[in-house]
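Chemist: After the C-alpha cells below, expect a handful of questions from me.
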Amino acid sequence: MRRRSGTLVIGGSLVAMVILAALVSFVWTPHDPGLVVPQDRLAGPSGKHWLGADKLGRDELSRLMVGARTTLLVGIVSVGVAALIGVPLGLVAAMTWRWLGEILMRVSDFVLAFPAVLLAIMLTAIYGSGVVIAMIAIGISTIPAFARVVRSGALQVMSTEYVVAARAAGRRPVGIGLRHVLPNVTSLIIVQASVSFAIAILAEAALSFLGLGAPPDVPSWGRMLQESQSLLQQAPRLAIVPGVAIALAVLGFNLLGDGLRDLLDPRLQQRRVEVQR
Amino acid sequence: MSAVLKAEGLGVHTGDLALVQDVTLTVGRGERVGLIGESGSGKSLTALALMGLLPEGLHATGSVRLDGSPADLVGADEDELAPLRGKRMSMVFQEPMTALNPTMRIGDQVAEGMLLHRAHRRRAAARSAAVELLDDVGLPSPAEAARAYPHQLSGGQRQRVVAAIALANDPDLLICDEPTTALDVTVQALVLDLITRGVAARDAALLFITHDLGVVATVCDRVLVMYGGRIVEAGEVAQVFTRPRHRYTSGLLAASDLARTDDGRLLTIPGSVPQAGAFPAGCVFRNRCAAATSACETLPSWVGPDPEHGHACVHPVEVPA
Amino acid sequence: MTDPSAAPQPPSQAASQTTESLESDAIASRSNSGDSVASAVAGNESSIIRLQDVRREFRRPRRSLLQPGPVVPALRGVTLDIAAGERFGIVGESGCGKSTLLRIIAGLDRPTSGSVQVAGREISGLREGRLGFLRDQMQLVLQDPMSSLDPRMRVRDIIAEPLVAQGKPHPRTRIVELVESVGLSADALDRYPHQFSGGQRQRISIARALAPDPRILLADEPVSALDVSVRAQVLNLILEIVERLDLTLVFVSHDLSVVRHVCERVAVMQAGEVVEIGPTDQVYDEPAQPYTRSLVAAIPHLRTALEGRTAADLAAGAAAATVPPDRPGEN
Amino acid sequence: MILRLLSRLAVLVASLAVSTMVVFGFMVVLPGSPARVALGVNASDASVAQLEQEFGLDRPKGVQYLDWVGGLLRFDLGRSYVSRAEIAPQIADRLQVTLWLVVTSTVLALVIAVPLGVLMAVRHRRASGVLLSALSQVGVAVPAFLAGVLLVALFSVRLGWLPANGWTPPVEDPAMFLEQLVLPVLSLGLVQGAVLARYVRSAVLDVMREDYIRTARAKGLRPMRALVRHGLRNAAIPVVTVLGLQLATLLVGAVVIERVFVIPGLGSGLLDAVANRDLILVQDIVMLLVTAVLIVNFVVDLLYLVIDPRLRSVR
C-alpha cells in the first residue's frame, strides 16, 4: 500500500516539476535563454549561472526551463491527438463488427512497424525538420497504443453482465458506449496517456538529438545533449544536465502511469479483496 | 485412531487483521472431516495455512502437527515443508480450470510429484505410473489423456487429474478445498465418489472444505462449522445437522432447507456475511443473531467434551431431552 | 440421451423443419404425460411467451481454408409455451443451452431459426432498436452480483437506467419507492455498488428490473453466486415481488432444488433440447426421463445423506443415465 | 495450426505490400520531383529534367512504383540520385553493421533482463527487489543515446579505456572491432535490458499468482523450482510479445546510436541520405527497416505456437 502511493507521489512530483519549470519559463528565466555571452563560454555553475553556461555562453538553466516547454508541447499535442483518434477507434473496434475490430488491429500492428523516429525521418526527408513534423510522427505512432488499450478494455466491459443488463434495459449501443464502456475504460486511457507521454518525450529527445526536431534557435533537451557531445572532454556537465532532465521527466511520467494503474485498476482492487478472503 | 493432523490455536493474520482465529482440529487416519463455512469464514485460508501455502502478506500462528513429523509446521521453513507436501499431505483445489499448468502435458504434471518424492526414479516408470493413476481416477483413455494438455480436457476431467496428482504418493492427509463447487451436479457426484474411494483405499485422513451442507453430509463423518474466522460448532455430522446447538448452525440449516417454509417464505438469517476481518468482537455471529444479548459481547467459551465436539454459543439452541 | 424417441434430430440439419418441430412437440406433450398444465403444445390462449422450434447455432472459427468452421448447435429446436402469471423454471447443466435460451427470450440474441413470440408479438426478426415494447414488458436479473452492476454508476442511476434508456420520466420518488420495495433504504441511492454485499447487489438488480413496471421477470441463476444464508432472503424477495406485482417469472438455474421451491413448472434441458417438461414436483419426484433421473439422483441432499446416502450412491445415480461425454473446456 | 500459420503469413505479405505503398506514397505526395529535391532549389530546369529522365522519374507514378517493387523483389534497389552508385551493395554492408549492433545488444538485453526480472519478481516484497526495481525504472527512463553519451564521457573521455567512436569490420581487425563494439552495444543493450526486465518482472509476478504454481507447490516443489518448472514458460508468452515490439524500438535506437558513435550502419546511411536529399536511398532503407520489423512480428507469432499448446490445437 505504502509503496504504491510512493510511486504515485514521486512520479507526480517529477511531472509537476517539469510542468512548473515550463510554466515559470514563460514569465521568468534567470537569463535570456538565447543571449550569447562570449566571456561566459563553458562557465561552470556559479551564482550567476546556477547550472553553468554552454559553449556560446548561454545560461544552461534558462535553456533547460524553456526546453521543458518544447518537451511538454510535443508530448501534449502528440499524445492528445493520438488519444483523440485512438480512443474512438478502439471503441469502434470493440463495439461494432468483429471483422472491423480485427482489421483495425491488423492496421495498428502495421503502424507499429513504423516507429516515431523512423516516421519522422521519412517526413523530414520530404518536408524538412520541425516541431510539427515531430508531433505528427509521434502522434501517428502513438495511436495504436490507445486503440489497443481501449479495445481490450472495452471488450472486457462488453462481456460484463451490466452491459447485458443495460441492453435489456433498452440502452442503444451509443448509450452503452457513452454511459458504460467509456467511463469504465477512462482509467486505462489516463494510464496509457501517462506512459505514452514518457515515450513521446523519449522520441522528441531522440529527434532533437538527431537535429530533426526543434530548430536550432528553440532550446530543446535533445539538442542540448547533442551539442554537448563535442565538448565531453571540457564540460561533461553540459551532457549531464539535459540528460538528467530527460531521464527525470521520463521517469516521472512512467512512475505516474504505474502509480495510476495501481490506483485505478479494478482488477488489482479485486485481487486485494481476494487475498483478504 | 491416531491423529494424522493436529492443529491447535491456528490463526491467519494480515497485518493486525485476524482472518482466522483459534482453530483447533484433528483428523484421524481413515477419518473424513468436513469444514463448512460461507464466504469470508476463513475456511480456505485454514486449508492453505495447514499446507503452509498462504499467499504472500498472510501469516499463520498457532501450531500444526503432522503425525510422525516432529516439527511444528507453522513457522517451518521450505526445507521442512516441501518434502511433506505432495508426499504426506496433499491438496485438491477449487478451480480445475486454472489449477493445471496450461503449457505442460497432463502426464508430466502427474509424474512430476512421483519423481520429486522418489516414488519412481526413472522418468519412464513415473510416466507409466501416471497413466495408471489417470486410469484409476476414471479418465477415459488415460494414455491419450497423459499426452494431452489441460485445455483439451473438460472441467470434470481436469479435476480428476488434480485429484490424481494429489493422490500420486498415497498421502496420509488429503485436503480438498471446494473441489466440486465449479462442477455440474452429475460430474460432482462422480468426483466426490472418486475422492472418497481414493481416500478409503489409502486409509488416508480427509479434510473436506465446502459451503454445501449436502456435500458435507454425504462425504464426511465429522464436521466443523466455521463462521467469521472461528469454529463455532463441531461434532458428528448426524449430531450437528439434526440437533445444532450454535445459533449460526441452526440458522444456516434452516436457510438452506428449501423444503421448509414458514407461510411459503424460506427461513432466513438476517443481514449479510460481513467482509473478512470485519466480524464483531465477542461472538462473531451476534450482529445477525436473534438471541444475542450483551453477554455475547465477550468471546463465548467452548462448551463440549473436546475440541472436536461442542459449540461456542452463550445462548445455544435448546435440545429437547 | 438413451431414449431414442427423445432424440429427435441428429446433429446434421438435414431433417426437414416440419418433422423436427413435430417431434419437438411430441417430446413436450409426451413428457407432460397428459397433465392438464401440458401447455407446451401451441394453442394456449393465455401464453405470454411462446417459442416454436427455436434453434441457435454458433459457428466455430474455421480450421481449414477450404471449408467454413464447424457449426455448433446451442439450441436444437426448443418449443415452449409459458403462461401469463406462471413461474416457469429452466434447469440444466453447464452448456445445455439454458442461458442462450433466456437471452433469446430477452431479445438479446437472435435464433438461427424458429419463432419467438412475447405477448403475441414476434420478436425473433426484430432489430434491437425495435424491441422497445419488449424492454417495457420484460426485465432481467443476472447471475453475478459483482459484474451485473456498473461499478462507476451510483445506485440511483443504476435503478433508473431502464427508465432513462427508454426516455421515460424517473422522478426521485419512484426510485426511492423501487429501492425500498427490495428492502434497502433510500440512503443506498447515493452509494456505489462496491459498497454493498452480494445479496444487497442482487436486490439492487431486482429494483432495476422492476423500474419499467414489467410484466415478465427473467432471472438467470440469480442466487447461485450467493452465500446460503443470503440465498433464502433473495429467493423470498423474488417470490414476494412476483406475487405482489403478478409477474410472469422465467427462472433459469442449474439447481433443481431451488427451481423446485420457486417454480410451478419446469423444463429440463440437455444438449440444446428440452428433454422433459412438467409440474416441478412431478419432474422432481417422478422424473420420466433418464437424464432427469440422473440429475435428481446426483444432488447431494442433506436429509438423504443423513439417512446414509453416500457419494458412491450419488455417483451410481448420476451414472445411471448416459451422461453426455465431458465436453472440452471453453477457453 | 497450419491455418493460423498461413493466415499470419498472409498478413505478413499483405503488410509488406501495404508498406511499399505507404513508403512510396510518402515520396509521391512530395511537392515537386525527387530530382528537384536531390539537386536543390537552385538547379536548372534542364539538369532536373536530365536527372528525371536518367532515373525514369518522368514516367507515370504507377509505373515507377511497379518498377521499384519489382526491383525490391530481385534485391535490385536502384541507383542513388546523388552518387549514382548501386544502392544494394552499399546497403548490404551497412545492414551487416547494424545487424551486429542489434543482435549483440538484444542478446545482452536478454541476458540482463531475464535473471534480473525474475529476481525482481521473486523478491518484490524485499528491499533488494524494490531497489532493483527502482534501478530498472531509472534504466527505462534513460534513452540509448543519452546512455551512449554518458558512457563515452566516462569510459573514453575520462578513463580512456575504450574508443569513443568508429567502426572496424571484424575481418579486418577483430580486437579493434570488439573494442569499438563495446560501448554502442552497452548503450543499446543496457537500456533495452532495463525495459525488458520490467516486463519480465510483471509477467513473472502475474504467473506467481497463478493457481497452477500453487498446485506445483502442493506437490512438494520448492517455490523457486515451481516457478522455473511451471512459471517461466507461461511468463514467456507476454515477454515474447514485448520482445517483438521492442525490436522496432531497438532499430530506432540503433539509428541514433550509430550517429553517436559514428558507425556506418543503416541509421547513419538513412540520416546521410536525408541530409543529401537522396530520396530513393531513404525509401530503400526505410523499407528495409520496416521489413525487418514485420518479419520479426511474424517470427514472434511462430514462437507463440511453440510456447503455447493452446494455440496449436484445432479450435
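The values are calculated or read from the model by the stated rules, or taken from the named source; none is laboratory data. Since the structure is predicted, the reported quantities are computational estimates derived from the model, not experimental observations. Every residue, glycine among them, receives a Cβ derived from its backbone with ideal geometry; neighbour counts consider all protein chains shown. For the accessible areas, the whole protein counts, side chains as well, though only heavy atoms, and no ligand, DNA or RNA atoms are used. Shrake-Rupley method; radii C 1.70, N 1.55, O 1.52, S 1.80 Å.
Chemist: Can you pull out every residue in region A:44-62 that is among the charged types (D, E, K, R) and over 31 Å from the mean Cα position of the chain (by Cα)?
Modeler: Scanning region A:44-62 gives a single hit, A:48.
Chemist: Scan (1) open to solvent by less than 60 Å² (accessible area, probe 1.4 Å); (2) within 14 Å of chain A (Cβ to nearest Cβ); (3) part of a helix (DSSP H, G or I) for the single condition residue D:81 breaks and write down its number.
Modeler: It fails just one condition, (3).
Chemist: Which one is nearest to residue D:296 (Cα to Cα), of the residues in region D:27-51 that are part of a helix (DSSP H, G or I) and touching a residue at least 40 places away in the same chain (Cβ under 8 Å)?
Modeler: Within region D:27-51, the first condition is being part of a helix (DSSP H, G or I), and the residues that meet it are D:27-28, D:34-39, D:45-51.
From the residues that got through so far, the ones that are touching a residue at least 40 places away in the same chain (Cβ under 8 Å) too are D:27, D:34-35, D:37-38.
Working: D:27: 25, D:34: 31, D:35: 34, D:37: 33, D:38: 33 Å.
Of everything passing the filter in region D:27-51, D:27 is nearest to residue D:296 (Cα to Cα).
Chemist: Only one of D:220, D:231 is buried (at least 21 other Cβ atoms within 10 Å of the Cβ), facing another protein chain (nearest Cβ under 10 Å), under 31 Å from the mean Cα position of the chain (by Cα) and farther than 30 Å from residue D:100 by Cα; which?
Modeler: Going through D:220, D:231 in turn, just one is buried (at least 21 other Cβ atoms within 10 Å of the Cβ), facing another protein chain (nearest Cβ under 10 Å), under 31 Å from the mean Cα position of the chain (by Cα) and farther than 30 Å from residue D:100 by Cα: D:231.
Chemist: Just give me the residues in region C:202-220 being in a helix (DSSP H, G or I) and open to solvent by 20 Å² or more (accessible area, probe 1.4 Å), in sequence order. First the steps, then the outcome.
Modeler: Going residue by residue through region C:202-220, those that are in a helix (DSSP H, G or I) are C:202-210.
Result: C:203, single match.
Let's see how each residue does on (1) in contact with a strand residue (DSSP E or B) (Cβ under 6 Å, 6 or more places away or on another chain); (2) modelled with pLDDT of 85 or more; (3) open to solvent by 10 Å² or more (accessible area, probe 1.4 Å):
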| residue | (1), (2), (3) |
| --- | --- |
| A:234 | no, no, yes |
| A:239 | no, no, no |
| A:243 | no, yes, no |
| A:253 | no, yes, yes |
| A:258 | no, no, yes |
| A:264 | no, no, yes |
| A:267 | no, no, yes |
| A:271 | no, no, yes |
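Chemist: Still on this model: For the subset of region B:281-312 comprising residues that are in a loop (DSSP other than H, G, I, E, B) and touching a Pro at 6+ places or on another chain (Cβ under 8 Å), which member is surrounded by the most Cβ atoms within 10 Å (Cβ to Cβ)?
Modeler: In this case the residue turns out to be B:283.
Chemist: I've got another one for you. Scan D:267, D:231 and give me the residue that is within 29 Å of residue D:170 (Cα to Cα), of a type in the set (Gly, Ala, Ser) and in a helix (DSSP H, G or I). Walk me through it before giving the result.
Modeler: On the way: D:231 fails: within 29 Å of residue D:170 (Cα to Cα).
Checking each option against the conditions leaves just D:267.
Chemist: Can you name the number of the only condition in (1) open to solvent by 20 Å² or more (accessible area, probe 1.4 Å); (2) over 26 Å from the mean Cα position of the chain (by Cα); (3) modelled with pLDDT of 85 or more that residue D:151 fails?
Modeler: (2)
Chemist: For residues that are open to solvent by less than 10 Å² (accessible area, probe 1.4 Å) and within 14 Å of chain C (Cβ to nearest Cβ), scanning just region A:178-226, find the one that is nearest to residue A:61 (Cα to Cα).
Modeler: Within region A:178-226, the match that is nearest to residue A:61 (Cα to Cα) is A:185.
Chemist: Follow-up question, since we're still on this one. Could you list all residues from region B:239-251 that are over 14 Å from residue B:319 (Cα atoms) and open to solvent by 10 Å² or more (accessible area, probe 1.4 Å)?
Modeler: Answer for region B:239-251, where residues must be over 14 Å from residue B:319 (Cα atoms) and open to solvent by 10 Å² or more (accessible area, probe 1.4 Å): just B:251.
Chemist: Further question on the same structure: Can you name the residue in region C:119-129 that is under 23 Å from residue A:173 (Cα atoms) and of a type in the set (A, V, I, L, M, F, W, C) and, of all such residues, is modelled with the highest pLDDT? Walk me through how you get there before you give the answer.
Modeler: As a first pass, look at region C:119-129 and keep what is under 23 Å from residue A:173 (Cα atoms): C:122-129.
Next cut, of a type in the set (A, V, I, L, M, F, W, C) only: C:123, C:126.
On the way: C:123: 83, C:126: 75.
Looking at residues that are under 23 Å from residue A:173 (Cα atoms) and of a type in the set (A, V, I, L, M, F, W, C), I get C:123.
Chemist: Something else about it: Can you tell me how many residues within region D:146-161 are among the aliphatic types (A, V, I, L, M) and away from chain A (no Cβ under 11 Å)? Break it down into steps so the answer makes sense when it comes.
Modeler: So the first thing to find is which residues in region D:146-161 are among the aliphatic types (A, V, I, L, M), and the list is D:146-147, D:149-154, D:157, D:159.
If we keep only those that are away from chain A (no Cβ under 11 Å) as well, we get D:159.
Adding up the residues that qualify gives 1.
Chemist: Out of everything in region B:28-44 that is open to solvent by less than 10 Å² (accessible area, probe 1.4 Å) and not in a loop (DSSP other than H, G, I, E, B), what residue ends up being farthest from residue B:227 (Cα to Cα)?
Modeler: Ranking the qualifying residues of region B:28-44, first place goes to B:28.
Chemist: Being touching a residue at least 40 places away in the same chain (Cβ under 8 Å), in contact with a helix residue (DSSP H, G or I) (Cβ under 7 Å, 6 or more places away or on another chain) and within 14 Å of chain A (Cβ to nearest Cβ) is the filter here, so list the residues in region D:162-181 that pass it.
Modeler: Selection gives D:164 alone.
Chemist: On to the next question. Starting from region B:225-244, take each residue that is without any contact (Cβ under 8 Å) to a residue 12 or more places away in the chain and list its partners that are surrounded by fewer than 23 Cβ atoms within 10 Å (Cβ to Cβ), counting only C-beta distances under 6 angstrom and pairs at least six apart or across chains.
Modeler: B:238/C:306
Chemist: With respect to the numbered conditions (1) at pLDDT 80 or above; (2) within 30 Å of residue C:69 (Cα to Cα), which one is the sole condition not fulfilled by residue D:314?
Modeler: (1)
Chemist: Scanning region C:256-301 for residues that are buried (at least 22 other Cβ atoms within 10 Å of the Cβ) and free of Cβ contacts under 8 Å to residues at least 24 places away in the same chain, which turns out nearest to the chain's Cα centre (by Cα)?
Modeler: Within region C:256-301, the match that is nearest to the chain's Cα centre (by Cα) is C:283.
Chemist: Further question: Can you name every residue in region C:148-183 that is assigned to a loop (DSSP other than H, G, I, E, B), closer than 20 Å to residue A:176 by Cα and open to solvent by 30 Å² or more (accessible area, probe 1.4 Å)?
Modeler: Taking region C:148-183 and keeping what is assigned to a loop (DSSP other than H, G, I, E, B), we get C:148-154, C:166-171, C:182-183.
In the following step, the residues that additionally are closer than 20 Å to residue A:176 by Cα were identified as C:148-154, C:166-170.
Answer for region C:148-183, where residues must be assigned to a loop (DSSP other than H, G, I, E, B), closer than 20 Å to residue A:176 by Cα and open to solvent by 30 Å² or more (accessible area, probe 1.4 Å): C:151, C:152, C:154, C:166, C:167, C:168, C:169, C:170.
Chemist: So in region A:125-164, with the set limited to residues that are within 14 Å of chain C (Cβ to nearest Cβ) and not in a helix (DSSP H, G or I), which one is nearest to residue A:210 (Cα to Cα)?
Modeler: Checking each candidate, the answer is A:159.
Chemist: I've got another one for you. So which residues in region B:70-88 are over 12 Å from residue D:217 (Cβ atoms) and surrounded by 17 or more Cβ atoms within 10 Å (Cβ to Cβ)?
Modeler: Within region B:70-88, B:73, B:74, B:87, B:88 qualify.
Chemist: Another question about this same structure. Applying the selection to region C:119-144, what residues are crowded, with 16+ Cβ neighbours inside 10 Å and within 9 Å of another protein chain (Cβ to nearest Cβ)?
Modeler: Scanning region C:119-144 gives C:128, C:131, C:134, C:135, C:136, C:138, C:139, C:140, C:141, C:142, C:143, C:144.
Chemist: Could you go through region D:125-132 and let me know if any residue there is closer than 30 Å to residue D:231 by Cα, not in a helix (DSSP H, G or I) and not polar (S, T, N, Q).
Modeler: yes
Let's see how each residue does on (1) open to solvent by 10 Å² or more (accessible area, probe 1.4 Å); (2) facing another protein chain (nearest Cβ under 10 Å):
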{"site": "D:237", "(1), (2)": "yes, yes"}
{"site": "D:241", "(1), (2)": "yes, no"}
{"site": "D:254", "(1), (2)": "no, no"}
{"site": "D:265", "(1), (2)": "no, no"}
{"site": "D:269", "(1), (2)": "no, no"}
{"site": "D:307", "(1), (2)": "yes, yes"}
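Listed here are the residues, each with its yes/no results for (1) facing another protein chain (nearest Cβ under 7 Å); (2) within 15 Å of the chain's Cα centre (by Cα); (3) closer than 20 Å to residue C:317 by Cβ.
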{"position": "B:164", "(1), (2), (3)": "no, no, no"}
{"position": "B:170", "(1), (2), (3)": "no, no, no"}
{"position": "B:177", "(1), (2), (3)": "no, yes, no"}
{"position": "B:189", "(1), (2), (3)": "yes, no, yes"}
{"position": "B:194", "(1), (2), (3)": "no, no, yes"}
{"position": "B:205", "(1), (2), (3)": "no, yes, no"}
{"position": "B:209", "(1), (2), (3)": "no, yes, no"}
{"position": "B:217", "(1), (2), (3)": "yes, yes, yes"}
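Chemist: Test each condition in (1) open to solvent by 20 Å² or more (accessible area, probe 1.4 Å); (2) under 30 Å from residue C:149 (Cα atoms); (3) aliphatic (A, V, I, L, M) for residue A:143 and report the one that comes out false.
Modeler: (2) is the only condition that residue A:143 fails.
Chemist: Can you tell which of D:95, D:57 is in the same structural domain as residue D:225 (by TED's automatic domain parsing), under 23 Å from residue A:124 (Cα atoms) and out of contact with any strand residue (DSSP E or B) (no Cβ under 8 Å at 6 or more places or on another chain)? Give the derivation first.
Modeler: On the way: D:57 fails: in the same structural domain as residue D:225 (by TED's automatic domain parsing).
The conditions single out D:95.
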